[in-house]
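The next block holds one structure in the form of structure tokens; read it before the comments.
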Amino acid sequence: MKPFWEDEYLNKEKSTFGNPSKEVKEFVPYLKKDAKILDVGCGDGRHALYLASLGFQVDAFDLSKNAIEKIDYLKQKNNLNIHTWVCDVLDYPFRYSYDLIIVHGVLQFIDKTKQPQVIELLKKWTNVNGYHVIALFTDEEPIPDDLKDVMVGVFKNEEIKDYYTNWKTLMFENKKFHDEHENGIKHLHAMNKLVVKKIG
């Protein structure tokens with residue numbers, strides 16, 4: 001069964017996962033005006049579209065063709081400059097390093113054996129004094145039945161911190177929340193959010 005968001009991405013006028021997250025908006029003032037930003041697993045663009053509207057250079061990719069087609073439609077409609085790809089993070093064609101990499105609601109979909117490789121790759125392609133903004137699901141709540149087949153790499157609480165011991169932690173949050181989607185599916189999630197800065 002395909003994930004619920006694939007059908008919701010077909011609605012070109014409504015953001016599937018809502019507005020840009022608070023932690024992304026709060027750290028915009030720390031970015032230089034010509035900052036290069038990468039949105040990993042960007043979905044239908046709630047962060048990429050917002051950041052491009054502020055004038056930043058934004059690259060964004062997702063495994064979902066529906067998601068990228070939606071972003072391409074919205075960037076043309078709103079005259080925004082976003083470079084998009086349909087691809088896996090391990091196949092992403094890195095060309096330069098970034099000042100901000102957003103990994104929001106992505107890592108839990110990556111097999112546990114590949115997570116260290118993915119995180120190290122993203123760290124490598126981050127400029128000194130650059131940032132990672134991360135949100136991921138943890139095992140403090142059971143994985144919903146409709147997501148068990150795709151959510152194969154759920155983290156333990158605070159596990160993500162172990163990957164960033166040599167970076168400066170600016171924010172960490174452990175939270176639980178309910179959400180309900182258009183198709184009537186209801187979820188309870190446990191989540192870690194982390195904002196870190198790469199130091200020289």
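The values are calculated or read from the model by the stated rules, or taken from the named source; none is laboratory data. Everything numeric here is computed off the predicted structure, so don't read it as measured data. As a convention, Cβ positions derive from the backbone with ideal geometry for all residues, glycine included, and neighbour counts pool all protein chains shown. Heavy atoms of the whole protein, side chains included, go into the accessibility calculation; ligands, DNA and RNA do not. Shrake-Rupley method; radii C 1.70, N 1.55, O 1.52, S 1.80 Å.
Full extension of the chain segment joining VAL150 with GLN76 gains 23.5 nm, where the gain is 0.36 nm per residue of separation less the Cα-Cα distance. Legend: residues ARG46, ARG95, sorted from most to least accessible area (1.4 Å probe; ligands, DNA and RNA excluded), read ARG95, ARG46.
The stretch 1-55 and the stretch 74-101 have Cα centres separated by 11 Å.
The simple Förster model, with R0 at 41 Å and r as the Cβ-Cβ distance, assigns LYS2 and PHE172 a FRET efficiency of 0.80. When SER15, SER53 are compared by accessible surface with a 1.4 Å probe, the order from highest to lowest is SER53, SER15.
Can you pull the semi-axes for the stretch 55-200, root of five times each eigenvalue of the Cα gyration tensor, sorted largest first, whole Å?
Here the semi-axes work out to 24, 23, 14 Å.
Relative contact order, whole percent, for the chain stands at 18, derived from Cα pairs under 8 Å and 6 or more residues apart.
What is the magnitude of the charge dipole of the chain about its Cα centre, with +1 placed on the Cβ of each Lys and Arg, -1 on the Cβ of each Asp and Glu, and no other charges, expressed in debye to the nearest 20? Write down the numbers at each step before the final one.
Working: 28 positive and 31 negative charges, 186 e Å.
Roughly 900 debye, rounded to the nearest 20.
Cross-link partners for LYS70 among the lysines, with Cα-Cα distance under 16 Å and sequence neighbours closer than 8 places in the same chain left out: LYS12, LYS14. What the pair-distance distribution of the stretch 64-112 shows, using all Cα-Cα distances binned every 5 Å from zero, is 4, 15, 19, 27, 22, 9, 2, 1 percent. Looking at the chain alone, DSSP beta bridges between its own residues are antiparallel in about 50 percent of cases.
Electrostatic tally near ASN174: other residues with Cβ closer than 9 Å to its Cβ, Lys and Arg +1, Asp and Glu -1, net 0.
Given LYS25/LYS114; LYS25/LYS198; LYS36/LYS156; LYS33/LYS65, which pairs have Cα atoms separated by over 23 Å?
Values: LYS25/LYS114 29 Å; LYS25/LYS198 19 Å; LYS36/LYS156 31 Å; LYS33/LYS65 30 Å.
In this structure, LYS25/LYS114; LYS36/LYS156; LYS33/LYS65 exceed 23 Å between Cα atoms.
Residues in the chain average 50 Å² of solvent-accessible surface per residue, probe 1.4 Å, ligands and nucleic acids excluded.
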